[in-house]
Amino acid sequence: MDQIIKKVVVVGGGFAGINLIKKLTNDEHFQVTLVDTHNYHFFPPLLYQVATAFIEPSNISYPFRRMFQEKKNLRFHLGCFIRINQQNNSIETDTGVLEYDYLVIALGTETNFFGMENVKKHALPMKTISDALNLRNYLLLSMEKAVREQDRAVREKYINIVIAGGGPTGVEIAGMLAEMGHNIRVKEYPEITDLQGHIYLVDAGPVLLGPMSVKAQVEATQVLRKLGVKIMSNTAVKDYVDGQVILADGRVIESNVLIWASGVTGREVPGLPAEVVGRGRRIQVDEFNKVKGTSNIYAIGDISLQTTDSKFPQGHPQLAQVAIQQGALLAANLQRTLRGEPLKQFSYHDKGSMAIISKYKAVADLPNLFFKGFFAWIVWLFIHIIPIAGFRNKVKLAFSWLWSFMTNDPTLRLIIRPNTDEFK
Ligand SMILES: Cc1cc2nc3c(=O)[nH]c(=O)nc-3n(C[C@H](O)[C@H](O)[C@H](O)COP(=O)(O)OP(=O)(O)OC[C@H]3O[C@@H](n4cnc5c(N)ncnc54)[C@H](O)[C@@H]3O)c2cc1C
């Protein structure tokens, strides 16, 4: 009898897609093709360190083709997903058509600007490596502009930074920028030491780190306040015009830099019926991550909305661990399907969550245990270095951290990719 070989097309090589592919590596029953717009996998939890010039983008990214080298059943297709054609089991990308037996949608999410066009146009999101590099350039260019500016009020506007979103990303970037303000601005920008810039952390909700424990929220608030971050809770951003961040209560913050860490929404997946798209534009799936109403299309990770897990009836949080666990389970279930074995339904094993707040300070919410401070910070470092793809990257990252923390002086403050003429 001929051996069965199933064509699996995975769209998106983030945590979900890559963990599925890893499990199918060298399984001769599957020919797997990964489609991604980037030619590398990257690690979003450390993006803010790229944006603040603390580590290099290559420390947290790894090329798919290198990952797949010498893996007979894995192929990479660089391209942007366009639509699914369910009738003939194929997808369209901007670089060609691919046929599948099983399709796995692992496209993740995109930044949600909540319909605010000016914010979308002028704020700086933090979702991809390009976003992080863009933000890094923008921050450095703003400082250069402040140095040249004669008008004091305008200079202040260039060094004010507004961060919208008090979740882990907003908190982490606020802490990092505040530390850098103390350690680097004074040394490297002597022209503006007479001026006090401000970091504003604005959130529509009542507390920072909303999904974490009250202890974590209190600790984050106290540490950031000590660092001089101005925390504005219960405050929504309404518009961003001419360098003015306009708040819903009518107040205005003059700032040339609005960092948008305020929310995400599922990516669009043309070719699926409208009724499978649920809250947050996530795709509704059953307990095995199969898209409702389909027979061979699956969605995993941030883009999926699964309400069958009794502990998470509203759907899972959009976190790396959910994506990793769903990817691995779906791979095992595809293998079970071929063997004719019963499938396992998904149940999220919550390992807890952490956030770094500043140098030597973090918070950790583990199931039934909270800890903070230096110990939490060390644990955070270890936890974030382990999943980084590539041994060389782990070593480089460990060295970068050690050097930067010892010297208070990361050396990557290079403006290497200005993508706007307005600063010239
Ligand atoms: C700044 C930041 C910090 C975070 N910090 C944490 C944290 O500390 N802890 C935690 O648990 N979670 C964190 N998260 C969330 C975590 O990164 C996500 O839950 C996780 O990445 C979801 O994995 P995914 O595979 O579903 O999607 P993603 O990792 O987003 O992967 C989606 C993939 O799809 C590709 N793609 C997108 N559009 C297309 C297209 N049209 N065609 C082809 N390919 C496409 C992308 O290039 C990407 O490779 C953070 C997220 C961000 C943005």
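Here, each number is a calculation from the coordinates, and none is a lab measurement. All values derive from a computational prediction rather than experimental measurement. Backbone-built Cβ (ideal geometry, glycine too); neighbour counts: all protein chains shown.
Some values worked out for this structure:
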item	result
Antiparallel DSSP beta bridges within the chain, percent to nearest 5	50 percent
Cα gyration tensor category, rounded, prolate or oblate, for the chain with a/c compared to 1.5	prolate
Efficiency of FRET between residue 413 and residue 71 - r from beta-carbon atoms, R0 51 angstrom, step 0.05	0.85
Acute angle (nearest 10 degrees) that the helix 391-407 long axis makes with the longest principal axis of the chain, alpha-carbon atoms	10 degrees
Under the Karplus curve 6.51 cos²θ - 1.76 cosθ + 1.60, θ = phi - 60°, whole-Hz ³J(HN,Hα) for segment 50-67, x wherever Gly or Pro sits	6, 5, 9, 6, 8, 9, 8, x, 5, 5, 10, 10, 8, x, 4, 5, 6, 4
Amide H contacts of residue 231 (H built 1.01 Å from N, under 5 Å, at least 5 apart or other chain)	201
Value of relative contact order over the chain, rounded to a whole percent, pairs C-alpha under 8 Å and six or more apart	19 percent
Dipole of segment 280-424, positive end: most advanced residue of 324, 393, 291 [Cβ charges, Cα centre]	393
Karplus-derived 3J(HN,Hα), 6.51/-1.76/1.60, for each residue of segment 343-359, Hz, glycine and proline x	8, 9, 8, 7, 9, 6, 9, 7, 8, x, 9, 9, 8, 8, 10, 7, 4
Calculated FRET value between residue 83 and residue 402, using beta carbons and R₀ = 56 Å, to 0.05	0.75
Residue exposure sequence - 37, 109, 52 - by fewest surrounding Cβ within 10 Å	37, 109, 52
For segment 117-262: relative contact order, % (alpha-carbon pairs under 8 angstrom, 6 or more apart)	34 percent
Net charge over other residues, Cβ less than 14 angstrom from the Cβ of residue 17 (K, R count +1; D, E count -1)	+2
Cα centroid separation, segment 56-110 to segment 311-386 (Å)	24 Å
Which of 300, 259 has the fewest Cβ neighbours within 10 Å, and the rest in rising order	259, 300
